[in-house]
């Protein structure tokens, strides 16, 4: 039962919408059936470039971008029912191994550079 002055919509989890910003239709701007397309477009636009995937895309090294692309494709295919979840899990496990190998290599490079700098400093002293 909607509360007075509250949105008449029910959320996906079955709970009533708690928004008190209500339009003449009795719904909040997010749930108003007449504004559904507009609300969805605003939601999509607001989330572009801000999600975890977008941030990860900016942060990962270029050598790992194909791995990310493969994982995203596998996720979409699994969601659509085109790829067996077990296969997607295997792809994710292999991608994890690739990332760990890359990270270990990067750590080794940094350690070698630090050791070199340390030995150079010791040599000068």
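Side notes on the structure shown:
- In the range 107-125, the residues that are assigned to a loop (DSSP other than H, G, I, E, B) and modelled with pLDDT of 90 or more: none
- Out of 34, 39, 88, sole residue that is over 30 Å from residue 6 (Cα atoms), more than 15 Å from the chain's Cα centre (by Cα) and assigned to a helix (DSSP H, G or I): 88
- Only a single item in (1) in the same structural domain as residue 6 (by TED's automatic domain parsing); (2) surrounded by 11 or more Cβ atoms within 10 Å (Cβ to Cβ) is not met by residue 33, and it is number (2).
- Condition met for residue 78 (loosely packed, with under 11 Cβ neighbours inside 10 Å and modelled with pLDDT of 80 or more): no
- Within the range 4-31, being part of a loop (DSSP other than H, G, I, E, B), touching a strand residue (DSSP E or B) at 6+ places or on another chain (Cβ under 8 Å) and under 19 Å from residue 43 (Cβ atoms) holds for 7, 9, 17.
Residue-wise test of (1) at pLDDT 85 or above; (2) within 30 Å of residue 90 (Cβ to Cβ).
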{"site": "27", "(1), (2)": "yes, no"}
{"site": "41", "(1), (2)": "no, no"}
{"site": "46", "(1), (2)": "no, no"}
{"site": "59", "(1), (2)": "no, yes"}
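- Against the list (1) closer than 30 Å to residue 7 by Cα; (2) part of a helix (DSSP H, G or I), the condition residue 65 fails is (1).
- Of all the numbered requirements in (1) within 25 Å of residue 52 (Cβ to Cβ); (2) at pLDDT below 90, residue 104 misses one, and that requirement is (2).
- Some residue of the range 102-122 being outside the structural domain of residue 8 (by TED's automatic domain parsing) and touching a helix residue (DSSP H, G or I) at 6+ places or on another chain (Cβ under 9 Å): yes
The values are calculated or read from the model by the stated rules, or taken from the named source; none is laboratory data. Only a predicted model underlies this, so the values are computations on that prediction, with no experimental measurement involved. We place every Cβ from the backbone using ideal geometry, glycine too, and count neighbours over all the protein chains shown.
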